[in-house]
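The values are calculated or read from the model by the stated rules, or taken from the named source; none is laboratory data. As the structure is a computational prediction, the values presented were derived from the model and not from experiment. Every residue, glycine among them, receives a Cβ derived from its backbone with ideal geometry; neighbour counts consider all protein chains shown.
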Amino acid sequence: MADTPAFPKDFLWGASTSAYQIEGAAAEDGRAPSIWDSFCRLKGRVDNGESGDVACDHYHRMPGDVALMRDLGLQAYRFSVSWPRVLPRGRGAVNDKGLDFYDRLIDRLLEHGIEPWLCLYHWDLPQALHDLGGWANRDSAGWFADYAALCARRYGDRVKRWATFNEFSVFTLFGYAFGWGAPSIADRATHLAVIHHVNLAHGAGVDVLRALVPGASIGAVHSVQPMRPEAGPSGFARPEDVEAAALFDEHWNWAFPDPQLRAHYPPRIAAAIEPFVKPGDMARIARPLDWFGLNHYAPVYGRRDDSLIWGFGFGSPPPEMPRTDIGWPYDPGAFRDTLLDLTRRYRLPVYVTENGFGTKADETPDADGRVLDDARVAYLRDYTGAMAEALAAGADVRGYFAWSLFDNFEWGGGYGTRFGLVRVDYETQARIPKESARWYADLIRAVSISGAGEQA
Ligand code: FCB
């Protein structure tokens with residue numbers, strides 16, 4: 001590729017998915033409901049009343065899907081285990097058929113030379129545990145540690161890359177503060193308890209993985225997006241929006257990585273969390289990690305919003321900011337800066353565990369059967385280019401996982417928002433690699449052949 005930016009030859013290239021978004025088979029082989037199955041049943045909460053019941057039917061199509069990954073030249077694949085598939089009641093009796101599925105997936109990946117990156121929690125808490133209080137119950141840290149131990153014992157001989165959670169701040173804010181995601185709660189005290197218990201669960205999970213998986217490389221996946229106050233037509237932000245955005249920033253970006261990596265909560269929320277913190281907790285949370293997983297999409301514009309429990313909410317980007325057709329700002333420079341800031345802040349190698357382009361467009365194949373997703377190709381080119389700039393400026397970035405391998409169930413957006421490199425026709429379940437998949441495959445090939453410094 002003439003325009004391949006500079007990446008080290010051993011830079012790791014992969015793609016990410018999550019269990020509930022792709023697997024389907026929601027009531028098969030002993031899987032029990034998660035809080036997302038329940039949420040999807042609530043009227044009007046997910047676009048078109050959709051759910052992950054069938055999704056990409058990956059549970060049945062896994063061998064073909066892994067072959068597709070190999071054809072694209074993916075070197076790593078980040079997936080999540082569905083907790084209610086392997087432990088239908090969240091704890092206690094295991095479900096062998098569920099455990100077998102991930103055995104087969106892992107074996108198949110390894111046969112094709114693709115490194116498995118296993119994420120334990122991508123938002124699908126077993127409903128049975130939610131019924132016991134879920135993350136608001138301090139016992140949840142122990143439930144999570146037991147689940148982590150089950151997976152570690154079962155898969156740790158073959159899986160060396162482990163992430164505890166995906167996007168702590170997003171599922172806790174959306175699920176327990178805004179009420180827009182499962183389990184649809186909006187309550188300050190619950191939200192604060194959940195933040196602390198999820199942090200404790202992370203720490204307990206890390207200890208279990210470290211003890212049970214020889215040679216484990218352990219991280220956690222965070223959503224970090226620069227927070228900017230909304231600016232009005234004058235170009236200046238109102239003081240109340242600046243203040244609200246500052247609190248939003250701590251909740252969104254730092255409420256999890258700061259305690260996990262610096263052993264303290266950020267200043268604006270520390271006092272509120274204090275009643276939930278018992279002696280020794282901060283040391284339980286801050287366990288040594290091997291890498292920082294960054295999910296990055298776009299800067300967030302915060303503003304005061306008194307209709308939401310914390311008084312902050314989403315504002316608008318300035319009119320001159322380019323946006324994608326789902327309204328997300330298009331700002332590769334923010335990605336570069338985030339990579340540099342994180343390198344300085346936590347001093348851990350960074351893996352970009354999600355980044356990608358979503359669209360409401362249907363992206364149907366043309367007469368030649370090709371899906372010409374030019375806007376996604378441009379996005380990937382610009383964002384991987386920004387990542388190369390960050391590397392050149394000293395950011396310690398080791399790998400990149402595109403979100404997502406497939407079009408899939410995009411949470412509250414249902415199937416109407418497509419993020420995939422590979423189109424999924426939900427009528428037939430046919431997979432069609434888009435132009436972006438070909439572009440990505442070419443990039444991977446070019447970098448792994450020539451590496452840094454030999455680009456045109
Ligand atoms: C992230 C989620 C992922 C997907 C992308 C678009 O917040 O981790 O599951 O929904 O956004």
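I'm trying to understand the selection: among the residues of the stretch 418-439, which are closer than 17 Å to residue 54 by Cα and of a type in the set (Lys, Arg)?
418, 423, 431
Pick out the one residue from 427, 363 that is buried (at least 16 other Cβ atoms within 10 Å of the Cβ), among the acidic types (Asp, Glu) and modelled with pLDDT of 95 or more.
363
Quick check on residue 63: is it assigned to a loop (DSSP other than H, G, I, E, B) and modelled with pLDDT of 95 or more?
no
In the set 34, 80, which member is touching a His at 6+ places or on another chain (Cβ under 8 Å) and either surrounded by 21 or more Cβ atoms within 10 Å (Cβ to Cβ) or not β-branched (Val, Ile, Thr) (or both)?
It is 80.
When the residues of the stretch 315-368 are narrowed to those that are aromatic (Phe, Trp, Tyr) and in contact with a Lys or Arg (Cβ under 9 Å, 6 or more places away or on another chain), which ends up nearest to the ligand (Cβ to nearest atom)?
Among residues in the stretch 315-368 that are aromatic (Phe, Trp, Tyr) and in contact with a Lys or Arg (Cβ under 9 Å, 6 or more places away or on another chain), the one nearest to the ligand (Cβ to nearest atom) is 357.
Tell me which of these residue 438 doesn't satisfy, since it passes every other one: (1) of a type in the set (Lys, Arg); (2) within 14 Å of the ligand (Cβ to nearest atom); (3) without any contact (Cβ under 8 Å) to a residue 24 or more places away in the chain.
Of (1) of a type in the set (Lys, Arg); (2) within 14 Å of the ligand (Cβ to nearest atom); (3) without any contact (Cβ under 8 Å) to a residue 24 or more places away in the chain, only one is false for residue 438: (2).
Test of understanding: among 375, 386, 395, 390, which residue is without any contact (Cβ under 8 Å) to a residue 60 or more places away in the chain, more than 12 Å from the ligand (Cβ to nearest atom) and part of a loop (DSSP other than H, G, I, E, B)?
395
Counting just the residues of the stretch 289-314 that are touching a helix residue (DSSP H, G or I) at 6+ places or on another chain (Cβ under 8 Å), assigned to a loop (DSSP other than H, G, I, E, B) and of a type in the set (Gly, Ala, Ser), which one comes out farthest from the ligand (Cβ to nearest atom)?
Among residues in the stretch 289-314 that are touching a helix residue (DSSP H, G or I) at 6+ places or on another chain (Cβ under 8 Å), assigned to a loop (DSSP other than H, G, I, E, B) and of a type in the set (Gly, Ala, Ser), the one farthest from the ligand (Cβ to nearest atom) is 311.
Yes or no: the stretch 72-83 includes at least one residue that is touching a residue at least 12 places away in the same chain (Cβ under 8 Å), assigned to a helix (DSSP H, G or I) and over 20 Å from the mean Cα position of the chain (by Cα).
Yes.
Scanning the stretch 292-324 for residues that are of a type in the set (Phe, Trp, Tyr) and crowded, with 21+ Cβ neighbours inside 10 Å, which turns out farthest from residue 374 (Cα to Cα)?
Taking the candidates together, the pick is 312.
Listed here are the residues, each with its yes/no results for (1) within 17 Å of residue 18 (Cβ to Cβ); (2) at pLDDT below 95; (3) aliphatic (A, V, I, L, M).
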residue: 92; (1), (2), (3): no, no, no
residue: 95; (1), (2), (3): no, no, no
residue: 101; (1), (2), (3): yes, no, no
residue: 104; (1), (2), (3): no, no, no
residue: 116; (1), (2), (3): yes, no, no
residue: 164; (1), (2), (3): yes, no, no
residue: 177; (1), (2), (3): no, no, yes
residue: 185; (1), (2), (3): no, no, yes
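Does residue 108 fit the bill of being over 19 Å from residue 210 (Cβ atoms) and either within 16 Å of the ligand (Cβ to nearest atom) or touching a residue at least 40 places away in the same chain (Cβ under 8 Å) (or both)?
yes
Looking only at the stretch 180-222, how many residues end up being closer than 16 Å to residue 120 by Cα and either part of a loop (DSSP other than H, G, I, E, B) or in contact with a strand residue (DSSP E or B) (Cβ under 6 Å, 6 or more places away or on another chain) (or both)?
Selection size over the stretch 180-222: 11.
When you scan the stretch 232-246, how many residues do you find that are modelled with pLDDT of 95 or more and assigned to a loop (DSSP other than H, G, I, E, B)?
Selection size over the stretch 232-246: 2.
Need pairs with beta-carbon distance below 6 Å; first residue away from the ligand (no atom under 16 Å from the Cβ) and within the stretch 19-48, second polar (S, T, N, Q); sequence gap 6+ or separate chains.
30/95; 33/127; 38/127
Can you tell me which of 99, 109 is touching a strand residue (DSSP E or B) at 6+ places or on another chain (Cβ under 7 Å) and either part of a helix (DSSP H, G or I) or surrounded by fewer than 21 Cβ atoms within 10 Å (Cβ to Cβ) (or both)?
Being touching a strand residue (DSSP E or B) at 6+ places or on another chain (Cβ under 7 Å) and either part of a helix (DSSP H, G or I) or surrounded by fewer than 21 Cβ atoms within 10 Å (Cβ to Cβ) (or both) holds for just one of 99, 109, which is 109.
Condition first: closer than 30 Å to residue 449 by Cα, among the hydroxyl-bearing types (Ser, Thr, Tyr) and within 16 Å of the ligand (Cβ to nearest atom). Can you find one or more residues in the stretch 1-16 that meet it?
Taking every residue of the stretch 1-16 in turn, at least one turns out to be closer than 30 Å to residue 449 by Cα, among the hydroxyl-bearing types (Ser, Thr, Tyr) and within 16 Å of the ligand (Cβ to nearest atom).
So residue 177 fits all but one of (1) under 18 Å from the mean Cα position of the chain (by Cα); (2) assigned to a helix (DSSP H, G or I); (3) within 16 Å of the ligand (Cβ to nearest atom); what number is the exception?
Result: residue 177 passes all but (1).
Before we move on, is residue 171 crowded, with 24+ Cβ neighbours inside 10 Å, assigned to a helix (DSSP H, G or I), under 21 Å from the mean Cα position of the chain (by Cα) and not charged (D, E, K, R)?
So residue 171 fits the description; yes.
Output the residues belonging to the stretch 394-412 that are among the small types (Gly, Ala, Ser) and under 26 Å from residue 21 (Cα atoms).
399, 402, 404, 412, listed by residue number.
Please find, among 182, 152, the residue that is more than 16 Å from the ligand (Cβ to nearest atom) and among the small types (Gly, Ala, Ser).
Result of the check over 182, 152: 152.
List pairs: first residue in the stretch 337-362 and more than 23 Å from residue 119 (Cβ to Cβ), second residue part of a strand (DSSP E or B) and within 16 Å of the ligand (Cβ to nearest atom) anywhere in the structure, Cβ distance under 6 angstrom, at least six positions apart or on different chains.
Correct list of pairs: 359/418.
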